[in-house]
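Written out below as structure tokens is the structure these notes cover.
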Amino acid sequence: MKNQVQLIAYEDRLSGGGLVQLHRLIDGPLKGLFGGIHILPFFHPIDGADAGFDPIDHGLVDSRLGSWADIQALSWDIDVMADLIVNHISTKSPQFLDYLIQGDDSRYHGLFLTMASVFPRGSTEADLLRIYRPRPGLPFTPITLRNGQKHILWTTFTAQQVDIDVRRPQGKAYLRSILQTFREGGVSMIRLDAVGYAIKKPGTSCFMIPETFEFIDEIANYAKSLGIEVLAEVHLHFCQQIEIAQRVDRVYDFALPPLILHAFFNQTASYVKQWLAISPRNAITVLDTHDGIGVIDIGADATDPIGRSGLISPEQIDALVKAIHERSGGQSREATGVAASNLDLYQVNCTYYDALGRCDRDYLLARAIQFFAPGIPQVYYVGLLAGENNMHLLEQTHVGRDINRHYYTCDEVEQALNKPVVQDLCRLIRFRKTHPAFNGNFTLQDTEDDLLGMRWDYADEWAQLRIDFRDVTYELSYGNNGQVKDFAVMKHSENATSVPYNV
């Protein structure tokens, strides 16, 4: 993966069309900005129960978007990442439909995880209560085969997404065949989606247990044998995130986004500095994602009976969530938790721009922190365009995460790219891409609690960012041919305060 800012987007929600239109955008208005693109699920179909994360055919590009030839053509101009959805498959898949009809005679019967296969001797109440799940309730769905035989399927996310038995030969063969298709189609990087739930074992939380780490090693080694880099996607305690980072090429820094918000809301850099001192250096840094703003990543370990503490206290997390609701004019509250379906226990659904009260200054400084943090930055397509909460789409679908999954038309993209805050963000992206200092060594400067100082050095080149959260003043300076120069984060933008909401 290039040490340059990466883009993550739904191809049909950013380009106003399919893969050909996305390619034109990358090779046109966005030319030269990004070192790679993570295309969110483009498999058949993209409009299932979970926005493409419940593929009927994981190896087939949705024909409404294009074909593998289009993915390969795009890969010639920019590195392409795709999702390997390791935990589950759609109940509408040919494999599952064959199993429904043929039962144990189906060649796919070992592909699907049942409750009995995990608890062959039965389960106790304690066993079931120990299972960790990101949503309320138990992860089981009963089915009846055509022959009348009944089973209880393991369904971690929705009843339409049946979990794969990744330790059986059928499960291993299924995942390996997808990786081979990816390699042939021009995909050079994969994200292991929902990998933390892949292994289930009696008497455990069935989430990020030791056997899960062994599975990550196995799938990552096979991917690497095909020349594919691996990014693990797991929301969990920060200590485990650090451990995972030692086993894969890249891991997400999900702790950074809420800690940056905490710094702005509380006028202190203390907690974000504590994290940056120990955060994985092979991270993909983010502010916003297609899921939401995670809070579990800075909280206590929900799966540990000892209760390892988090990066901030539960009371501080509650205050952080309330502050996001306030700055978004209450919009994030309508999209989060019991207020919306697809509810996840670990995230707040809101655009990052709205979480910061649509304040251009704070938003650009948050991006500057992200770009200076150790790792490779990734920018979500809505965040790239400083997108606002889509309340209309939320009202239509009643899916909380849709508040941050706007469908942009070509005209909307053009208009957004002309906004001063977006123009300034693109300048920051180009600075992060072109300045040689970011290929060198990172230093977190020893400063007072309200001041954040970050610096990169490479030979005689350097770049430095300092932010005083007491009055939100900043200095971004860098060396150029022996001269010290300043970079104006806000060159075009004028909005340095929150924008009032009409709610």
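The values are calculated or read from the model by the stated rules, or taken from the named source; none is laboratory data. Since the structure is predicted, the reported quantities are computational estimates derived from the model, not experimental observations. Here the Cβ is made from the backbone with ideal geometry for all residues, glycine too, and neighbour counts use every protein chain on show.
Report whether or not LYS485 is more than 20 Å from THR443 (Cβ to Cβ), more than 29 Å from the chain's Cα centre (by Cα), charged (D, E, K, R) and surrounded by fewer than 16 Cβ atoms within 10 Å (Cβ to Cβ).
no
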Original post:
Among the residues of the range 192-202, is there at least one that is at pLDDT below 95, at positive phi and surrounded by fewer than 19 Cβ atoms within 10 Å (Cβ to Cβ)?
Top reply: no
Original post:
Here are GLY48, GLY52, GLY35: which of them is more than 23 Å from PRO139 (Cα to Cα) and either crowded, with 17+ Cβ neighbours inside 10 Å or modelled with pLDDT of 95 or more (or both)?
Top reply: GLY35
Subject >> Meets criteria (in contact with a helix residue (DSSP H, G or I) (Cβ under 9 Å, 6 or more places away or on another chain), within 14 Å of LEU84 (Cα to Cα), surrounded by 14 or more Cβ atoms within 10 Å (Cβ to Cβ) and charged (D, E, K, R)) for GLU229 >> reply: yes
Original post:
In the range 268-290, how many residues are within 24 Å of VAL230 (Cβ to Cβ) and surrounded by fewer than 19 Cβ atoms within 10 Å (Cβ to Cβ)?
Top reply: 3
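Please count how many residues of the range 312-333 are in contact (Cβ under 8 Å) with a residue 60 or more places away in the chain and either at positive phi or surrounded by fewer than 21 Cβ atoms within 10 Å (Cβ to Cβ) (or both).
Initial filter on the range 312-333 (in contact (Cβ under 8 Å) with a residue 60 or more places away in the chain): 320, 323-324, 327-332.
Now drop any that are not either at positive phi or surrounded by fewer than 21 Cβ atoms within 10 Å (Cβ to Cβ) (or both), which leaves 323, 329-330.
Total meeting the criteria: 3.
Can you name the residue in the range 140-157 that is within 21 Å of LEU129 (Cβ to Cβ) and among the polar types (S, T, N, Q) and, of all such residues, is farthest from the chain's Cα centre (by Cα)?
First, the residues of the range 140-157 that are within 21 Å of LEU129 (Cβ to Cβ): 140-142, 152-157.
Now drop any that are not among the polar types (S, T, N, Q), which leaves 141, 155-156.
Working: THR141: 27, THR155: 21, THR156: 18 Å.
Only one residue fits best here, namely THR141.
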Original post:
Any chance the range 257-279 includes a residue that's within 19 Å of the chain's Cα centre (by Cα) and outside any helix (DSSP H, G or I)?
Top reply: yes
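Residue-wise test of (1) of a type in the set (D, E, K, R); (2) in a loop (DSSP other than H, G, I, E, B).
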position: ASP104; (1), (2): yes, no
position: ARG107; (1), (2): yes, yes
position: GLY122; (1), (2): no, yes
position: PRO136; (1), (2): no, yes
position: PHE157; (1), (2): no, yes
position: LEU179; (1), (2): no, no
position: LYS200; (1), (2): yes, yes
**OP:** Could you tell me which residue of the range 146-167 is surrounded by the fewest Cβ atoms within 10 Å (Cβ to Cβ), considering only residues that are closer than 15 Å to MET115 by Cβ and in contact with a Gly (Cβ under 9 Å, 6 or more places away or on another chain)?
**Re:** GLN149
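Would you call ALA263 modelled with pLDDT of 95 or more and under 14 Å from GLY375 (Cα atoms)? Please lay out each step first, then the result.
Details: modelled with pLDDT of 95 or more: yes; under 14 Å from GLY375 (Cα atoms): no.
Answer is no for this residue.
Here's the yes/no breakdown for (1) surrounded by 24 or more Cβ atoms within 10 Å (Cβ to Cβ); (2) modelled with pLDDT under 95; (3) closer than 25 Å to GLY17 by Cα; (4) of a type outside the set (Lys, Arg):
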| position | (1), (2), (3), (4) |
| --- | --- |
| LEU345 | no, yes, no, yes |
| GLN370 | yes, no, no, yes |
| GLN415 | no, no, yes, yes |
| ASP424 | no, no, no, yes |
| PHE431 | no, no, no, yes |
**OP:** Please identify the pairs in which a residue from the range 453-470 that is of a type in the set (Asp, Glu) has its Cβ atom under 6 Å from the Cβ atom of a residue that is modelled with pLDDT of 95 or more, counting only partners at least 6 apart or on another chain.
**Re:** ASP457/GLY440; ASP457/ASN441; GLU461/PRO436; GLU461/ALA437; ASP468/LEU451
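Inside the range 1-77, counting only helices (runs of 4 or more DSSP H) that do not spill past its ends, which hold 2 or more residues that are farther than 23 Å from GLY400 by Cβ? Please lay out each step first, then the result.
Values: elements: 11-14, 19-26, 68-75.
Passing ranges, in order: 19-26, 68-75.
Quick one: would you say ILE293 is surrounded by 22 or more Cβ atoms within 10 Å (Cβ to Cβ) and either of a type in the set (Ser, Thr, Tyr) or more than 18 Å from GLY453 (Cα to Cα) (or both)?
On the way: surrounded by 22 or more Cβ atoms within 10 Å (Cβ to Cβ): yes; either of a type in the set (Ser, Thr, Tyr) or more than 18 Å from GLY453 (Cα to Cα) (or both): yes.
Taking the combined requirement at face value, the residue satisfies it.
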**OP:** Please enumerate the residues belonging to the range 437-467 that are among the charged types (D, E, K, R), more than 16 Å from VAL484 (Cβ to Cβ) and loosely packed, with under 15 Cβ neighbours inside 10 Å.
**Re:** ASP446, GLU448, ASP449
Subject >> Filter result (over 25 Å from ILE293 (Cβ atoms) and outside any loop (DSSP other than H, G, I, E, B)) within the range 217-236 >> reply: ASP217, GLU218, ILE219, ALA220, ASN221, TYR222, ALA223, LYS224, SER225, GLU229
Original post:
Can you pull out the residues in the range 455-503 that are in contact with a Lys or Arg (Cβ under 8 Å, 6 or more places away or on another chain), within 30 Å of HIS325 (Cβ to Cβ) and part of a strand (DSSP E or B)?
Top reply: LEU465, TYR474
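Looking at the range 426-460 only, could you name the residues that are of a type in the set (A, V, I, L, M) and on the phi < 0 side of the Ramachandran plot?
Quick first cut of the range 426-460, residues of a type in the set (A, V, I, L, M) only: 428-429, 437, 444, 451-452, 454, 459.
Scanning the range 426-460 gives LEU428, ILE429, ALA437, LEU444, LEU451, LEU452, MET454.
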Original post:
When the range 436-469 is examined, which residues are found to be modelled with pLDDT under 95 and not acidic (Asp, Glu)?
Top reply: THR447, ALA459
Original post:
Which members of the range 146-158 meet the condition of being over 17 Å from GLN95 (Cβ atoms) and in contact (Cβ under 8 Å) with a residue 40 or more places away in the chain?
Top reply: ASN147, GLN149, THR156, PHE157, THR158
**OP:** Could you list, in sequence order, all residues of the range 241-273 that are more than 30 Å from GLU326 (Cβ to Cβ), touching a residue at least 60 places away in the same chain (Cβ under 8 Å) and not basic (Lys, Arg)?
**Re:** ASP249
Original post:
Got a sec? Which of LEU113, LEU25 is more than 22 Å from THR289 (Cα to Cα), of a type in the set (A, V, I, L, M) and surrounded by 18 or more Cβ atoms within 10 Å (Cβ to Cβ)?
Top reply: LEU113
